[in-house]
Amino acid sequence: MTKKSDGALPAGDAQPVALVHGQAASSPPHKPSTRLLAHVDASATPIARTTRNWPVLPSLLVLLPILAIFTWTSVYLHYQLPTPGHALFSPDGQPIFSESHAMKYIKDLASYGDGTPRYRILGTREMVETDDYILDAVRGIRDDVVQRHPDGGMQLEVWHQSGDGSHLFDFMEKAVWKKYFGVTNVIVRLSDGTPASKANAVLVNAHTDSTLPSPGAADDLFGVAVMLEAMRVMGMGDRRLTNSVIFLFNGAEESLQDASHLFITQHPLKDTVKAVINIEACGTDGKEIVFQATSPEMIRALAKTPSPYATVIASEIFQTGLILSDTDFRQFVEYGNLTGLDMALVQNSYRYHTTLDTVDAIESGALQHTGENLIPLLEYLTSPETTMGNSEQSTPILPHAPTSHTIFFSALGGKVFVVYSRATATLVYGIIAALAAVVATDRVDWARYKKAYVLGTGGVLGGLVSAVVGANSVAFLTSVVLRKPMSWFSNEAYPLFLFGPPALLGVVLWQYVFASNRIRSPIATLAQDRAESALLEHASLVGLVVFNSGFTLVGHALGVGSSYLYAIGSVSGLAALLLNDYVLHTKNKGLHLATYVVGQSLPLLIGIEGIIGFLDLFVPLTGRLGAEAPVDFIIATLVGAVGYLTVPMLSPLCHRWGASFTARLAVFLLLVSAFGVGWFTRPSWSPYDAAHPKRLLVLHMENTTTTPSTFNLHVASVDGTPFSDLVETATAGLRAAGSVPEPTIADDLSVDWDIVYPVSQFLTTYRINLPPVSPDYVAPWTDSLKVSVQRSVLNSIKQTRRIELTLEHPGIIWPVMSFTADVVAWDLPKVPERGDVRHHVKSVASYGVTRFPLALTVQLTPEQFAAAQREDQRAKGQRADSSAEDRALASLRIDYSGLDIHGMYPASFQSDDAVEDARRQLARGTKPGMRFFEEFSQRLVDEPVDAMLLSAVAGVAYV
Ligand SMILES: [Zn+2]
């Protein structure tokens with residue numbers, strides 16, 4: 001026996017029973033090596049009592065219920081919503097937010113009297129009616145306000161803005177050039193009537209339009225309703241408004257944020273706006289969450305609300321540009337240089353932009369929550385307290401804050417909101433790190449047990465990587481090997497069941513292979529085994545504290561506000577360690593059971609909410625990320641990484657009952673993982689169901705370049721699961737004789753999907769030839785939908801051609817013109833990229849506006865210019881010949897397409913206006929697209945899909 005193993009035998013009553021661990025089990029017993037045992041010197045860490053920890057089962061019986069309570073609390077508070085209010089006034093006569101009252105606005109605008117959905121697509125009559133409705137509602141509130149404040153101490157002013165403009169919309173590295181004509185805003189200013197109050201305003205924005213194929217009850221009538229109700233509450237209240245509030249009901253967001261652009265670039269009130277609050281919805285349930293808070297003052301304002309739901313992590317994710325902020329907030333930041341809050345309703349985002357976004361789908365209490373938070377925000381920002389506007393300490397414009405300068409996060413469903421400055425963070429993080437260093441030095445004999453404690457510290461990162469690797473292995477197995485991608489899609493929590501166990505398995509295997517096997521003796525006595533377990537258990541906790549403290553400091557030094565997560569990790573680890581070593585004095589026996597409770601308290605209370613919050617947002621989002629996005633790996637990584645942070649005490653737990661326990665735990669997790677894989681890949685399992693559908697975009701396309709028109713169907717999916725079988729069965733019998741669905745690639749040049757460009761960039765699509773129409777079919781577009789040239793001027797010095805053209809598009813909305821040319825100048829805001837570039841110029845317009853003018857100057861090659869000159873002479877009658885070659889060389893090919901205003905299924909079914917209703921009924925019975933969809937939609941009734949069914953028209957012009 002070596003000296004070390006001699007010493008390892010304690011004086012207690014334990015019999016020296018040899019144990020065989022891990023890989024040593026299969027090798028012949030040999031003498032314990034000095035090298036291995038040098039780490040565990042039981043004589044130096046005498047085991048005082050031989051009754052060590054409780055066995056596994058009693059321990060778990062005590063531990064699991066307590067941890068379950070933390071988890072339940074976190075989940076409960078995350079989803080808890082206030083009780084919907086019904087009364088308009090409190091018993092003492094003060095106006096209060098009423099969800100019932102606000103909900104009526106949504107009902108009126110999102111559905112017809114008979115309850116069928118009312119689509120508010122820009123360019124349709126519904127948008128005119130929507131503006132009228134909002135104007136009426138606002139006038140009603142204004143009358144009440146005037147009655148309540150006969151002295152004029154509260155003033156409501158109303159504008160109905162309508163205007164034209166153009167802007168560049170960068171999206172997914174593609175440039176979309178936008179023109180808009182006659183888009184509208186309803187703008188209401190609430191002030192105390194004085195010029196001082198009106199000089200500074202906080203802007204609140206929501207959009208009234210909806211996108212295809214969605215009635216948009218939540219997106220964004222939710223915001224509209226909250227604004228109207230907040231306007232009533234504030235207007236009827238008695239608080240004096242030091243600053244004013246501008247409510248912007250914008251009528252064109254879904255068309256790529258045109259109306260917010262119109263307001264912030266053209267409206268006279270724009271210069272009085274000092275901050276913006278944008279209210280959006282990409283879900284129907286839960287609390288509205290703050291995606292971006294971009295100035296310290298707005299974060300302070302958030303702190304005044306009863307349950308803010310915000311974290312600097314979201315703001316930092318947006319700053320990386322990994323996730324696009326596709327809200328009006330972008331326009332206000334880009335063109336108004338404003339800071340503010342970008343908030344949205346996000347839970348149950350499966351319904352976002354689908355036919356399922358209906359009035360009934362909005363969760364009870366969600367409006368109340370947003371309203372009860374918005375009003376205190378506005379009250380603070382219109383009070384003398386704020387640094388915005390007229391307060392004594394006012395700043396001319398709220399400064400942008402790098403997120404690292406103000407760290408903020410909410411917890412427990414917004415019951416807790418923590419805000420601190422970078423300076424405070426430096427101090428607090430420094431103290432935590434110093435304390436961690438002191439404890440780690442005091443409680444650890446680094447010289448003797450260096451290896452175990454270094455492994456414990458490095459093991460934190462190793463565990464994180466292992467968790468991510470474990471989860472991703474299952475993602476690879478299910479999505480690639482077993483070809484069942486997105487099997488977890490239909491419930492936000494399913495990824496926890498599929499990827500959680502293998503992530504935990506990764507952590508356990510890491511501890512087993514890299515920690516346990518390096519420290520433990522291949523053969524040990526029972527006492528040695530206990531001592532080794534104690535050492536590993538303790539080292540894992542100390543490692544957690546050291547790693548988290550260090551990581552917090554490094555992250556903080558790099559300016560990452562999200563480092564607070566690691567600060568929380570080190571605080572809870574430190575608290576557990578202090579309890580264990582200084583209060584319970586259990587270090588030599590490893591960790592006390594109570595240490596686990598303390599060590600897991602904050603990670604569960606905060607982490608569980610974090611992970612479900614992430615999954616609420618990202619799982620439904622994967623259904624619209626395109627075919628190329630590696631969504632299984634994204635979700636697996638999220639579960640592995642965030643999940644690991646929520647169970648930091650798993651690593652010490654792995655060592656609590658010896659290596660054989662670790663091995664058994666690994667086997668158990670392996671079995672659970674295997675069961676999960678089996679469950680989620682079984683043949684009858686589908687990633688989709690009726691409430692969590694697959695999204696399809698379907699275009700019934702009429703090509704007017706042939707006579708008679710030819711018709712094609714284009715079917716696209718915005719996620720990565722295969723759908724060729726679905727296309728095949730849904731179009732069987734409806735296709736042209738002998739044709740099969742043909743997979744196509746939607747790229748810059750594929751004109752078919754120009755209507756949804758640049759979203760078309762990530763579609764998987766099929767093209768289906770439809771049977772020819774009867775020879776006597778007369779396309780209603782032949783004479784009306786056309787490109788005409790108003791002016792064409794050649795510049796012989798620069799060899800350029802200036803063309804002023806117009807696309808006339810009666811009956812067509814959202815037209816787009818695309819062409820390849822070397823454009824030198826045009827009537828759009830910026831000079832485009834030079835060279836032969838494919839350009840997409842889109843137009844949207846209010847109801848009845850059907851002209852889309854475009855002026856551009858293109859650079860011609862010498863050959864093109866010569867041909868253009870000859871064509872010019874022919875046009876002027878100076879040449880008698882004609883040349884097809886010249887015409888081809890000199891002209892510019894323009895591909896144009898747009899949506900049939902009466903061909904949107906089912907958006908074009910009915911109207912409140914009798915004349916319009918008659919037109920729609922006629923169109924429904926006669927339009928080839930509508931008749932096709934009548935049949936086609938029947939094929940989809942039992943399929944878990946949500947289809948956008950649009951009739952489109954396309955043509956080509958040479959100008
Ligand atoms: Zn929206």
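The values are calculated or read from the model by the stated rules, or taken from the named source; none is laboratory data. The model shown is predicted, which means the values in this text are computed figures rather than measured ones. In this analysis, Cβ positions are derived from the backbone assuming ideal geometry, glycine residues included, and neighbour counts consider all displayed protein chains.
Within the range 859-881, residues that are charged (D, E, K, R) sit with their Cβ atoms under 6 Å from residues that are loosely packed, with under 15 Cβ neighbours inside 10 Å and in a helix (DSSP H, G or I), at 6+ positions apart or across chains, in these pairs: Arg879/Gln873. With a requirement of 1 or more residues that are charged (D, E, K, R) and in contact with a strand residue (DSSP E or B) (Cβ under 9 Å, 6 or more places away or on another chain), the helices (runs of 4 or more DSSP H) lying completely within the range 465-581 that satisfy it span 526-557. Which residue is nearest to the chain's Cα centre (by Cα), if the candidates are limited to the range 176-229 and must be within 16 Å of the ligand (Cβ to nearest atom), part of a helix (DSSP H, G or I) and of a type in the set (Gly, Ala, Ser)? This residue is Ala218. Looking across Ala452, Ala425, Ala440, one residue alone is buried (at least 16 other Cβ atoms within 10 Å of the Cβ) and within 30 Å of Tyr79 (Cα to Cα). It is Ala425.
Would it be correct to say that Ala732 is of a type in the set (A, V, I, L, M) and modelled with pLDDT under 90?
Answer is no for this residue.
For the range 264-289, a residue qualifies if it is in contact with a helix residue (DSSP H, G or I) (Cβ under 7 Å, 6 or more places away or on another chain) and either at positive phi or more than 16 Å from the ligand (Cβ to nearest atom) (or both), and the qualifying residues are Ile264, Thr265, Lys270, Thr272, Val273, Ala275, Gly286, Lys287. Quick check, is Ala923 outside any helix (DSSP H, G or I) and either among the aromatic types (Phe, Trp, Tyr) or buried (at least 16 other Cβ atoms within 10 Å of the Cβ) (or both)? Taking the combined requirement at face value, the residue does not satisfy it.
Here is a check on your reading of the model: is Met236 touching a Pro at 6+ places or on another chain (Cβ under 6 Å) and more than 16 Å from the ligand (Cβ to nearest atom)? In short, yes. Against the conditions (1) in contact with a Lys or Arg (Cβ under 6 Å, 6 or more places away or on another chain); (2) away from the ligand (no atom under 15 Å from the Cβ), Lys304 satisfies every one except (1).
Within the range 344-363, the presence of a residue that is more than 27 Å from Ala493 (Cβ to Cβ), within 15 Å of the ligand (Cβ to nearest atom) and touching a residue at least 12 places away in the same chain (Cβ under 8 Å) is excluded. The set of residues from the range 850-868 being part of a loop (DSSP other than H, G, I, E, B) and buried (at least 19 other Cβ atoms within 10 Å of the Cβ) comprises Thr850, Leu860. Per the listing Ser166, Ser197, Ser162, the residue uniquely hydroxyl-bearing (Ser, Thr, Tyr) and farther than 21 Å from Ser260 by Cβ is Ser197. Among the residues making up the range 93-113, those that are over 30 Å from Ala914 (Cα atoms) and either of a type outside the set (D, E, K, R) or at pLDDT below 95 (or both) are Gly93, Gln94, Pro95, Ile96, Phe97, Ser98, Ser100.
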